[in-house]
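Below is one structure; the comments refer to it alone.
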Amino acid sequence: MILKANNIGFYYDPKQKFQIPDIHLGAGDQMLILGKSGSGKTTILNIIAGLLKPKSGNVEISGTDIYSLKGSQLDKFRGKNIGIIFQKPHILAPLTVEENLQLANFFVKENTQLIEPLLKELGIWDKRKARISTLSEGEAQRVSIARALVNRPKLILADEPTASLDDENAAAVVRLLQVQAKKYNAALIIVTHDQRVKDHISNQIIIGGQS
Amino acid sequence: MNMIKLSWKYLIAKPLSTGLNILLLALGLAIITVLILIQDQFENKMTKDAEGIDLVVGAKGSPLQLILSSVYHIDFPTGNIDLKDAMALSKNRLVKNIIPLGLGDNFQGYRIVGTNHDYLDLYTAKFSQGSAWEKPFDVVLGYEVAQKIGLKTGDNFIGSHGIGSSSHEHDAHPYVITGVLAPMGNVLDKLILTSIESVWYTHDEEHDHATHEAPVAKKGFPITDQDREVTSLLIQYRNPIAAVQLPRFINSKSALQAASPSFEISRLFELLGIGVKLIQGLAIVIIIIAGLGIFIALFNSLKERKYDLAVMRTLGASSWQLFLHIVLEGVILTILGAVVGIAIGHLFLVILVMQNDQGAISTLSAAVFLKEELWILGYAVIVGILASLIPAWNAYQTDIAKQLTKA
């Protein structure tokens, strides 16, 4: 089992507690978390990613209870095992495409030798020396996918990866995520309110009622 | 990729702000560098040139002027004194040695100094060619004089009346160069040395050819039955009691004035010290403003970068690495500022020396590096750390989840 999230409960305001369904994913499994904006989808993602400590319950990734890790241990664990893709690409603008990926490698002190194959597979090898400002939206999103994968994570989390893309690009990005996750045998969770993604992954949970 | 490269990339992503901060800090540090260099060299030179001279005696006037004109050859002499008074003083039991100086002429701005061979011994002068003067109108050139005017042993030249700016030429008596000194690194480099007799005979109206061929005095005073004058006397004390008694004794005699080089120079530095302190204060203000500039630049950039920092955390960076990332930015900035500042300081001195090829400033050298300059580097790093501490602490406390969900 890659991911076990049990009895997760969370609230910002004690009067509005919410419980999150248990999530269990194995290597290569894929899951879609659907929900309207404000339904707490991103909160779930943050909790699974080790960015936000839940009020109750625990998150285990590859058998490690991530909230028992202290400070920088958790940062390193996250860098190594979890790849996160955001709604906006959030690539570090002062660095080139290649340097963004090298930085991910540097922070976990590993050279995974994946920079070249990933950039080639995602069709952005020619842009490796490019500044982020010269990339198109679709290219930028692919760079952020490459960066999320470069440390060979066991778990890939994507937060609204298709929100700012047109139909064609949205489908391409979801396919890309699925293919890459399979290839590196990682578990994939896509959090979205985007109905276009629904048909791609059958394993779904819905948060905050039918959307 | 490493932390230094990462910080560097963020710095050059904003070349204007980075450049301005480096320049501002460099300006402050350049002023400090110039001050340190000038002060050190002036003090060194001043002490070196005055070494072995306990007391200077000359005509009444400003004691500082007497010292500047007779020891450092930068100001005008206070006037002349009677040879008889001078010779009387040489018989005083408190005087160990007395060197007479006769000033008043120049060649292309370089002072012609009439004296005896003791003056060469005082600075243990060595010759690069030729030897010391033997007859009237024999001269010895200081190393730099020979370099600048391009004359060598055996050549002739005609001196001009006056010090620095000349009025008329003494064309009746050409000087003959008998020797050129080796580079001394002191006041001798810029002087033309000759006998007291040369100075006298140059200014005489009638010419007595017999005396012009006679050998000159190599020690003490020239022997003459005429009424003659000298400009000043350099005196070495026989014993410590002389330091107490001799100046008082001389100053009480109406025609003469005694001045101690060490006393006058420390008085001069005291006067200059006010100016130096003022400039130093200005430099420190500039450095503080530069530090504030760096602080504000980092603090402002942090607002835009909170997101970048949160992304770095999701990539595996620890809080301490973010702290280091910001501090490194400040430190890289200030180290660059220090290096540029020291370079500008030296460059400024090069230009200053180039524009003044004679006089006090021309003796300075820009190719001197002091260990105080390493301190400048150290101070700069401290400024960088101080300026980046608060922004770095903010970076350390970045709440990733909150940052990432805010957009």
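Descriptive notes on the structure:
- Extreme residue, nearest to B:Asn97 (Cα to Cα), among residues of the stretch B:110-162 that are assigned to a strand (DSSP E or B) and touching a helix residue (DSSP H, G or I) at 6+ places or on another chain (Cβ under 6 Å): B:Gly114
- Criterion (surrounded by 13 or more Cβ atoms within 10 Å (Cβ to Cβ) and more than 29 Å from the chain's Cα centre (by Cα)) met by exactly one of B:Gly162, B:Gly220: B:Gly220
- Of the residues making up the stretch A:1-24, those that are more than 11 Å from A:Glu60 (Cβ to Cβ) and hydrophobic (A, V, I, L, M, F, W, C) number 4.
- Unmet requirement for A:Leu165, which otherwise passes all of (1) aliphatic (A, V, I, L, M); (2) touching a residue at least 40 places away in the same chain (Cβ under 8 Å); (3) not in a helix (DSSP H, G or I): (2)
- Residues being touching a residue at least 40 places away in the same chain (Cβ under 8 Å) and within 8 Å of chain B (Cβ to nearest Cβ) - total across the stretch A:72-81: 2
- Test: A:Ile190 is in a strand (DSSP E or B) and away from chain B (no Cβ under 14 Å): yes
- Test: residue in the stretch B:23-41 that is closer than 27 Å to B:Ala343 by Cα and within 14 Å of another protein chain (Cβ to nearest Cβ): no
- Selected residue (criterion: farthest from the other protein chains (Cβ to nearest Cβ)) from residues of the stretch A:59-71 that are crowded, with 16+ Cβ neighbours inside 10 Å and not in a helix (DSSP H, G or I): A:Glu60
- Residues in the stretch B:35-53 that are modelled with pLDDT under 90 and either of a type outside the set (D, E, K, R) or outside any helix (DSSP H, G or I) (or both): 13 in all.
- Test: residue in the stretch A:98-120 that is farther than 29 Å from A:Ile205 by Cβ, in a strand (DSSP E or B), out of contact with any Leu (no Cβ under 7 Å at 6 or more places or on another chain) and within 10 Å of chain B (Cβ to nearest Cβ): no
The values are calculated or read from the model by the stated rules, or taken from the named source; none is laboratory data. Everything numeric here is computed off the predicted structure, so don't read it as measured data. Note that each Cβ is placed from the backbone with ideal geometry, even for glycine, and that neighbours are counted across all protein chains shown.
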